[in-house]
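Nothing in this text is a laboratory measurement; each read-out follows from the coordinates by a stated rule. What you see is a predicted model; the values in this text were computed from it and never measured. Counting neighbours? That spans all protein chains shown, and the Cβs are built from the backbone with ideal geometry, glycine included.
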Amino acid sequence: MPEMTEPQVWVLIGTFAAAVLGGMTFSTNLIMGSLTKVITANTDRLEARIDALRHETVSEIQVTRFRIDSVEAGLNAKIDSVEAGLNAKIDSVEARLSSQIESVESRLRGDMARIDSDVTAIAKRVWNDPPAA
């Protein structure tokens, strides 16, 4: 077998090293490309799930707001109804009290007029007709 000279050995070592480094570079690029694709795919799937969850959450919030609005409208209607009923009852009680107060005032005026005429009669009798001694 022919013997190789030292420069030939160094050329073979360099060629082998270049081939190994080239293969490693190629493998690294393939692995990095695959990892990038996997990460991108997983990121896209995760973004899609997050978007779906966001839309679901937004729709649930809208449904909840609609329910709250309908409950609020029902409560407002009931409160308005109760308020109207209470206002009517209060007005009725106020009217009855006013009429009763006016009736009492009228009777008091009559009693005051009678008492005034009685006191006037007593005063006339005491000062105009002195008692016989």
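Structure notes:
- Here the range 1-56 is assigned +1 on the Cβ of each Lys and Arg and -1 on the Cβ of each Asp and Glu. Its dipole about the Cα centre then comes out at about 260 debye.
- 0 to 90° range, to nearest 10: angle between helix 6-128 axis and the chain longest Cα axis: 0 degrees
- Two-site label geometry, Ala121 and Leu12: point separation in nm, points 7 Å out along Cα→Cβ: 15.9 nm
- Nearest-20 debye value, the chain charge dipole, Cβ charges on Lys, Arg, Asp, Glu: 440 debye
- Taking the Cα centre of the range 66-133 as reference, the dipole from Cβ charges on Lys and Arg (+1) and Asp and Glu (-1) amounts to some 320 debye.
- Total formal charge among the other residues, if their Cβ is under 13 angstrom from that of Ala84, Lys/Arg +1 and Asp/Glu -1: -1
- Only helical runs count toward this figure. For the chain, summing -39,500 (n - 2.57) over DSSP H runs of n ≥ 4 and dividing by all residues gives -36000 deg cm²/dmol at 222 nm.
- Values of log10 I(q)/I(0), in the order q = 0.15, 0.22 Å⁻¹, for the chain under a Debye, Cα-only, solvent-free model: -1.01, -1.21
- Candidate aspartates and glutamates for bridging to Lys89, where Cα separation is under 16 Å - those fewer than 8 sequence places away on the same chain excluded: Asp80
- Dipole of the chain, positive direction: furthest Cα of Thr40, Ala84, Ala18, with charges on the beta-carbon: Ala84
- Set of aspartates and glutamates with alpha-carbon distance to Lys124 below 17 Å, sequence-local pairs under 8 removed: Asp116
- The gain in end-to-end length when the Ala88 to Asn128 segment is fully stretched comes to 8.6 nm, 0.36 nm per residue minus the alpha carbon separation.
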